[in-house]
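Student: Just dropping this structure here.
The values are calculated or read from the model by the stated rules, or taken from the named source; none is laboratory data. Keep in mind that what you see is a predicted model, and the values were worked out from it rather than measured. Using ideal geometry, Cβ is built from the backbone for each residue, glycine included, and neighbour counts are taken over all protein chains shown. Surface accessibility is based on the protein's heavy atoms, side chains included, excluding ligands, DNA and RNA. Shrake-Rupley method; radii C 1.70, N 1.55, O 1.52, S 1.80 Å.
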Amino acid sequence: MAACSVFRPGLFNHKVAIVTGGGTGIGKAISAELLELGCSVVISSRKAERLEAAAQEMRQKIPPSSSARVTPLPCNIRNEEEVKALISSVLKQFGRIDFLVNNGGGQFSSPAEHMSTKGWKAVIDTNLTGTFHCCKEVYSAWMKQHGGVIINIIADMWKGFPGMAHTGAARAAVDNLTKSLAIEWAHSGVRVNAIAPGTIFSKTAMENYKELGPNLLRCLFHFALPKDWEYQRAVCFLLSPGASYISGATLRVDAGQSLYHSMWEIPNHNAWPEAPEGENLEALKQLLSPPSKL
Ligand code: ADE
């Protein structure tokens, strides 16, 4: 974890944030920096024990002079009623919700042809529908009247996501949802943005990537390994007044990786498109030859 925030101390004093998936990885790093900046943070995920342990760890680092609190509240974001209960409980305890960071998600690696419909739906339900539930409920219950900022954490799926097609599709959908909500909710003073992290190396990420992991790691060794805090800084910036004119944007936080590097390879095979022969080749040559000078 980064030792010290680059942002002004007290930047988020008296603000309240919900961070889904806030007990591990990127979500935990985001929560820790928000706390450091004076924001009270509700960390949420399905696993109560892990959340409590993460909250205990983060509490040790809050200076006694700070009014910020970290509160673990379990919730399955797939379940709309649980999301309603989460938002209502946060409003009861804190009386406001300034920020929502939709970081909770999950996937498993599998070739698309072996993915069961159940597995596909589970990933879409968590990553897309879960994010939708949280956005919709926080908006209806609070932000519609009071404004706020929502950040969706997506992924580097710009060139597809072979081996995890379900999460690629869900994250691309969240990218689009981000834009729709930014427009629909602008009149309420709500900004909605997304962060697309590059491939990261963390314990949780490697557990997720499974057999894809070593390949991704090999690619990553070509450049500096990104750490969780590269993302939390971008999240804090987008939440801050410094980003007051930014909405509907997806910020790629990947040091340009997605522009110049591809993780994917197609192994050699015998099913390449056939090269044209005979008449077809002649016709193609005609088509491609430069126009004759008169
Ligand atoms: N993280 C992964 N899956 C989740 C879920 N269903 N609800 C909340 N956080 C999650």
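Student: Condition first: open to solvent by 20 Å² or more (accessible area, probe 1.4 Å), touching a residue at least 40 places away in the same chain (Cβ under 8 Å) and within 16 Å of the ligand (Cβ to nearest atom). Now tell me which residues in region 132-159 satisfy that.
Tutor: Scanning region 132-159 gives 132, 133, 137.
Student: Quick check on this structure: which one of 175, 125 is acidic (Asp, Glu), free of Cβ contacts under 8 Å to residues at least 60 places away in the same chain and out of contact with any Cys (no Cβ under 9 Å at 6 or more places or on another chain)? Steps first, please.
Tutor: Details: 175 fails: free of Cβ contacts under 8 Å to residues at least 60 places away in the same chain.
Every option except 125 fails the conditions.
Student: Restricting to region 164-181, name every residue that is closer than 28 Å to residue 260 by Cβ and surrounded by fewer than 21 Cβ atoms within 10 Å (Cβ to Cβ).
Tutor: Within region 164-181, 165, 169, 172, 173, 175, 176, 177, 179 qualify.
Student: Which residues, taken from region 96-122, are in contact (Cβ under 8 Å) with a residue 60 or more places away in the chain and over 24 Å from residue 248 (Cα atoms)?
Tutor: Keep residues of region 96-122 that are in contact (Cβ under 8 Å) with a residue 60 or more places away in the chain, which gives 96-109.
Those that are in contact (Cβ under 8 Å) with a residue 60 or more places away in the chain and over 24 Å from residue 248 (Cα atoms): 107, 108, 109.
Student: Kindly check whether there is at least one residue in region 44-53 that is among the small types (Gly, Ala, Ser) and open to solvent by 40 Å² or more (accessible area, probe 1.4 Å).
Tutor: In the first step, residues of region 44-53 are kept if they are among the small types (Gly, Ala, Ser); the result is 44-45, 48, 53.
Within this subset, residues satisfying the condition of being open to solvent by 40 Å² or more (accessible area, probe 1.4 Å) are 48, 53.
Yes.
Student: Of 43, 18, which residue is under 16 Å from residue 99 (Cα atoms), within 12 Å of the ligand (Cβ to nearest atom), touching a Phe, Trp or Tyr at 6+ places or on another chain (Cβ under 8 Å) and in a strand (DSSP E or B)?
Tutor: The match here is 18.
Student: Across region 112-131, what is the total count of residues that are open to solvent by 60 Å² or more (accessible area, probe 1.4 Å) and among the hydrophobic types (A, V, I, L, M, F, W, C)?
Tutor: 2
Student: Let me ask something additional. Look at region 250-294 and say how many of its residues are in contact with a strand residue (DSSP E or B) (Cβ under 6 Å, 6 or more places away or on another chain) and of a type in the set (Asp, Glu). Lay out the reasoning, then the answer.
Tutor: So in region 250-294, the residues in contact with a strand residue (DSSP E or B) (Cβ under 6 Å, 6 or more places away or on another chain) come out as 250-253, 258.
After this cut, where a residue has to be of a type in the set (Asp, Glu) as well, the list is none.
Residues that pass the stated criteria total 0.
Student: Now a separate question. Whether any residue in region 80-95 is open to solvent by 20 Å² or more (accessible area, probe 1.4 Å), closer than 20 Å to residue 239 by Cβ, of a type in the set (Phe, Trp, Tyr) and more than 16 Å from the ligand (Cβ to nearest atom) is what I want to check.
Tutor: yes
Student: Residues in region 183-198: is at least one modelled with pLDDT under 90 and part of a loop (DSSP other than H, G, I, E, B)? Working first, answer last.
Tutor: Here is the first cut: in region 183-198, the ones modelled with pLDDT under 90 are 198.
Still in the list and also part of a loop (DSSP other than H, G, I, E, B): 198.
For region 183-198, residues modelled with pLDDT under 90 and part of a loop (DSSP other than H, G, I, E, B): present.
Student: Ok, one more. So, residue 71, is that one among the polar types (S, T, N, Q), closer than 18 Å to residue 104 by Cα and either within 12 Å of the ligand (Cβ to nearest atom) or open to solvent by less than 10 Å² (accessible area, probe 1.4 Å) (or both) or not? Break it down stepwise before answering.
Tutor: Numbers: among the polar types (S, T, N, Q): yes; closer than 18 Å to residue 104 by Cα: yes; either within 12 Å of the ligand (Cβ to nearest atom) or open to solvent by less than 10 Å² (accessible area, probe 1.4 Å) (or both): no.
Here the answer is no, as residue 71 does not meet what is asked.
Student: Does region 67-81 contain any residue that is of a type in the set (Gly, Ala, Ser) and either in contact with a Pro (Cβ under 8 Å, 6 or more places away or on another chain) or in contact (Cβ under 8 Å) with a residue 24 or more places away in the chain (or both)? Quick ask: steps written out before the conclusion?
Tutor: Kept after step one, since they are of a type in the set (Gly, Ala, Ser), are these residues of region 67-81: 67-68.
Pick out the ones that are also either in contact with a Pro (Cβ under 8 Å, 6 or more places away or on another chain) or in contact (Cβ under 8 Å) with a residue 24 or more places away in the chain (or both) and you get 67-68.
Yes, the conditions are met somewhere in region 67-81.
Student: I'd like the full set of residues that are at pLDDT 95 or above, assigned to a loop (DSSP other than H, G, I, E, B) and among the hydroxyl-bearing types (Ser, Thr, Tyr), limited to region 56-85.
Tutor: Within region 56-85, 66, 67 meet the criteria.
Student: Test of understanding: among 48, 53, which residue is at pLDDT 95 or above, more than 15 Å from residue 90 (Cβ to Cβ), within 12 Å of the ligand (Cβ to nearest atom) and hydrophobic (A, V, I, L, M, F, W, C)?
Tutor: Working: 53 fails: within 12 Å of the ligand (Cβ to nearest atom).
Answer to the selection: 48.
Student: Please work out if residue 108 is among the hydrophobic types (A, V, I, L, M, F, W, C) and within 14 Å of the ligand (Cβ to nearest atom). It would help to see each step written out before you state the result.
Tutor: Numbers: among the hydrophobic types (A, V, I, L, M, F, W, C): yes; within 14 Å of the ligand (Cβ to nearest atom): yes.
Yes.
Student: Test each condition in (1) under 24 Å from residue 197 (Cα atoms); (2) within 16 Å of the ligand (Cβ to nearest atom) for residue 36 and report the one that comes out false.
Tutor: (2)
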